[in-house]
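Step one of this worksheet: look at the structure below.
Any read-out appearing in this document is the output of simple, stated calculations on the displayed coordinates, not a laboratory observation. Treat the numbers as computed from the prediction; the structure is a model and nothing was measured. Every residue, glycine among them, receives a Cβ derived from its backbone with ideal geometry; neighbour counts consider all protein chains shown.
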Amino acid sequence: MTKRVYLETIGCQMNVLDSELIASSLVQAGYELVDSPRNADTILYNTCSVRQHAEDKIYSALGRLRPLKERKPQTIIGVLGCMAQKDQELIFRRAGHVDLVIGPGQLSRLPEILEEVASQRHREPRLEVSLDRMKERRALVEESFAKFDPPRPPELRSSPFQAMVRIMFGCDKFCTYCIVPKVRGPEQSRPAAEIVSEIRCLAADGCQEVTLLGQTVNSYEDPSKGQTQRLSDLLARLHDIEGLRRIKFVTNYPRHMTDDLLQAVRDLPKVSPYLHVPAQSGSNEQLKRMKRGYTVEYYREMIERIRSIIPGAAITSDFIVGFCGETEEDFQQSVDLVRWARFKNSFIFKYSERPGTKAAGTLPDDVPDEVKRRRNNDLLAVQNAISLEDTLPLVGKDLEVLVEGPSKAAKKRASVGNEIVQLVGRSVWDHIVVFDGPRALVGQILPVRIEKADAFTLFGTMPRLKG
Ligand code: SAH
Ligand code: SF4
Ligand code: F3S
């Protein structure tokens with residue numbers, strides 16, 4: 001049996017991490033990763049359900065595979081991840097040529113399931129998903145979302161110098177618009193000892209930077225109830241790991257932005273002063289409908305607390321525009337919040353109704369699409385102007401940058417050895433910095449002189465390379 005697998009990922013960093021883990025377990029099981037469905041015997045999509053658009057993309061990609069499946073019926077086509085958990089059998093009904101549907105809680109068994117499916121003479125559609133948390137007892141549901149964080153060799157990570165590490169599964173917040181608690185299951189923190197030992201191994205392998213992942217990462221609580229309990233304690237333990245140089249964490253929930261965490265970020269030099277704390281809206285009426293659990297007054301006070309404890313921190317946010325019942329006045333309050341908070345960056349999304357959420361069942365999706373689009377553009381313009389005002393003063397300064405790799409443009413051009421290429425790196429505040437330098441600098445932390453800036457990217461030169 002040939003074993004060539006094509007794996008495509010959409011969705012958040014949690015999905016990117018899962019795909020890395022899947023790829024690594026498949027390579028260890030003897031698969032070869034290929035870069036086009038045409039060259040593969042197994043085609044897998046790791047999917048996202050957070051907005052309709054993400055699902056549409058996958059259903060159209062599946063549609064395009066129909067002729068290939070007719071020509072090569074032995075090809076295994078699998079849908080993995082969040083949309084698998086959400087749509088389940090519906091995927092077989094909408095795309096009859098799909099062989100497997102596997103939820104995020106079953107990914108650890110993927111190599112074994114693929115073996116079984118490949119060896120069957122008459123293939124039956126195979127559905128492997130977790131229990132519905134609305135219908136079963138919590139302990140059973142938790143168990144059905146099996147943990148999946150196997151060790152992986154550095155060559156199977158997207159970069160040997162950086163790694164994402166999951167510290168929490170699932171989410172218990174149930175914001176009314178959001179599908180994540182349903183598809184990712186109940187919130188469960190990983191034992192601190194397990195996280196520390198995983199990161200020790202990564203650092204020993206040369207990893208410089210870890211990004212800790214959780215849907216509400218700052219509500220981390222060690223389930224083993226040892227000495228390390230909160231995220232701030234975990235950060236302090238990780239800080240002691242030799243060889244590790246930078247620690248980041250996403251995504252923060254505003255309600256849990258406690259002083260001990262902010263003090264840890266201030267006092268531990270390896271922890272980046274970069275905080276992603278999505279506000280979602282600047283209107284109390286909307287925050288209540290979203291069931292976010294805070295008021296805009298609380299959110300502003302929290303931003304002030306961050307700025308006073310960690311001067312110079314980079315704060316970023318997410319906003320949803322056109323959520324149910326959003327008036328022009330509600331929207332203006334989001335604009336006011338962006339202007340006032342001066343986020344380094346914000347991701348802005350048009351509300352997309354998700355079947356199975358509280359909002360979809362109880363609140364009409366009543367803001368017309370063209371209004372959502374206009375509000376999206378308007379808020380983005382306000383944010384981008386602020387981002388640019390923030391980056392321009394960096395021109396002429398030196399920023400410490402962790403070199404991540406060649407830029408997209410440089411990757412396209414074939415290059416050899418250690419020639420000068422366009423490199424991309426990141427500052428501790430999460431600025432993207434583009435500059436020319438020898439390829440061998442990848443993985444190093446070094447100063448780059450900023451020469452030019454736009455809202456999202458800084459362009460620089462290496463001081464040593466300048467004439
Ligand atoms: N756990 C994180 C991220 C959740 S998903 C958090 O709580 O912030 C990432 C972002 O997608 C959210 O912050 C929200 O802004 C957006 N989002 C979630 N559901 C959405 C929906 N139904 N429509 C539009 N945007 C949505
Ligand atoms: Fe979704 Fe809210 Fe959980 Fe974030 S905190 S994943 S927005 S339910
Ligand atoms: Fe999407 Fe699942 Fe992440 S729904 S945003 S891939 S947790």
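Some values worked out for this structure:
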{"read-out": "Rounded to whole Hz, the Karplus (6.51, -1.76, 1.60) HN-Hα couplings of the range 364-374, x for glycine and proline", "value": "x, 7, 9, 9, x, 4, 5, 5, 4, 5, 5"}
{"read-out": "Charge dipole (the range 395-461, unit charges on Cβ, about Cα centre) - positive-most of P406, V428, T461", "value": "P406"}
{"read-out": "Per-residue [θ]222 nm for the chain (sum of -39500 (n - 2.57) over DSSP H runs n ≥ 4, rounded to 500)", "value": "-10500 deg cm²/dmol"}
{"read-out": "Cα shape, the range 57-124, gyration tensor, a/c 1.5 rule", "value": "oblate"}
{"read-out": "Distant-in-sequence amide H partners of V165 (H built 1.01 Å from N, under 5 Å)", "value": "T211, L212, L213"}
{"read-out": "Members of K57/K411; K86/K248; K86/K372; K69/K350; K182/K411 lying beyond 28 Å, as alpha-carbon distances in this model show", "value": "K86/K248; K69/K350; K182/K411"}
{"read-out": "Cysteines in the chain lacking a second Cys C-beta under 4.7 Å", "value": "C12, C48, C82, C171, C201, C207, C324"}
{"read-out": "Under 5 Å, built H, 5+ apart or other chain: amide partners of K350", "value": "V321"}
{"read-out": "Expected-Rg normalisation [2.2 N^0.38 Å, Cα atoms] applied to the range 3-131", "value": "0.95"}
{"read-out": "For the range 231-303 versus the range 307-361, the gap between their alpha-carbon centres in whole angstrom", "value": "16 Å"}
{"read-out": "Karplus-derived 3J(HN,Hα), 6.51/-1.76/1.60, for each residue of the range 20-30, Hz, glycine and proline x", "value": "4, 5, 4, 4, 5, 6, 6, 4, 5, 8, x"}
{"read-out": "Built amide H within the under 5 Å cut-off of K291, gap 5+", "value": "T176"}
{"read-out": "Exposure proxy ranking, count of Cβ atoms within 10 Å, fewest first, for M462, M168", "value": "M462, M168"}
{"read-out": "In the range 179-246, the GluC sites (Glu not before Pro) that fall in loop regions by DSSP, at most 16 other Cβ within 10 Å", "value": "E242"}
{"read-out": "Diffusion coefficient, µm² s⁻¹, Stokes-Einstein with Kirkwood Rh over alpha-carbon pairs of the chain at 25 °C and 0.890 mPa s", "value": "103 µm²/s"}
{"read-out": "Order of L268, L62, L100 - criterion: other Cβ atoms within 10 Å of each residue's Cβ, fewest first", "value": "L268, L62, L100"}
{"read-out": "The range 395-461 - Rg and Dmax from Cα coordinates, angstrom", "value": "11.2, 33"}
{"read-out": "Order of I303, I113 under a 10 Å beta carbon neighbour criterion, fewest first", "value": "I113, I303"}
{"read-out": "Estimated FRET transfer efficiency (W340, V395; beta-carbon r; R0 30 Å; 0.05)", "value": "0.75"}
{"read-out": "Point-to-point label distance, R245-I432, nm (Cα→Cβ direction, 7 Å offset)", "value": "2.2 nm"}
{"read-out": "Gain upon complete extension [Q28, A440; 0.36 nm per residue less C-alpha separation]", "value": "145.5 nm"}
